[in-house]
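To start, the structure under review is shown below, and the notes come after it.
Just so it is clear, none of the values below were taken in a lab; they were calculated from the coordinates. Here the structure is a predicted model, which is why all the values come from computation and not from measurement. Methodologically, a virtual Cβ is constructed for each residue, glycine included, from the backbone with ideal geometry; neighbour enumeration extends over all protein chains shown.
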Amino acid sequence: MFVCICKGITESRVQAAAAQAGVNPDAIAQALGLHDNECCGRCARDMGRIMSYVGRMPAGAGA
C-alpha cells in the first residue's frame, strides 16, 4: 500500500528506511525526502502512526 502518494512511497520502502535510519520518525521522513517541496507533508507529519502500522506487518507484505 502507498503511504505517500506525492513521492510514490510504499510501506515496504518505509520499512527499509526504518532499517537504515532507525526508528526515529523524523529521520525516516528525511531519508525518504518527505520534507522537500515536492511533497505535501502529510505523511511526514503522520510518520509515527505510519511506522506503528507498518511495524505490525511482515517485511515485504506492503510491497
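Can you tell me which residue in region 15-51 is nearest to M1 (Cα to Cα), limited to those that are in contact (Cβ under 8 Å) with a residue 40 or more places away in the chain and in contact with a strand residue (DSSP E or B) (Cβ under 6 Å, 6 or more places away or on another chain)? So that I can check it myself, show each step before the final result.
Narrowing region 15-51 to residues in contact (Cβ under 8 Å) with a residue 40 or more places away in the chain: 15, 43, 50.
Subset that is in contact with a strand residue (DSSP E or B) (Cβ under 6 Å, 6 or more places away or on another chain): 43, 50.
Numbers: C43: 13, I50: 11 Å.
Taking the candidates together, the pick is I50.
Looking at region 25-38, which of its residues are within 11 Å of the chain's Cα centre (by Cα) and either part of a helix (DSSP H, G or I) or not small (G, A, S) (or both)?
Matches in region 25-38: P25, D26, A27, I28, A29, Q30, A31, L32, L34.
Exactly one condition in (1) in contact with a helix residue (DSSP H, G or I) (Cβ under 6 Å, 6 or more places away or on another chain); (2) of a type in the set (D, E); (3) farther than 19 Å from S52 by Cβ is not met by D36; state its number.
D36 satisfies every listed condition except (1).
Just give me the residues in region 2-18 being among the hydrophobic types (A, V, I, L, M, F, W, C) and under 17 Å from G48 (Cβ atoms), in sequence order.
Filtering region 2-18 for residues among the hydrophobic types (A, V, I, L, M, F, W, C) gives 2-6, 9, 14, 16-18.
Matches in region 2-18: V3, C4, I9, V14, A17, A18.
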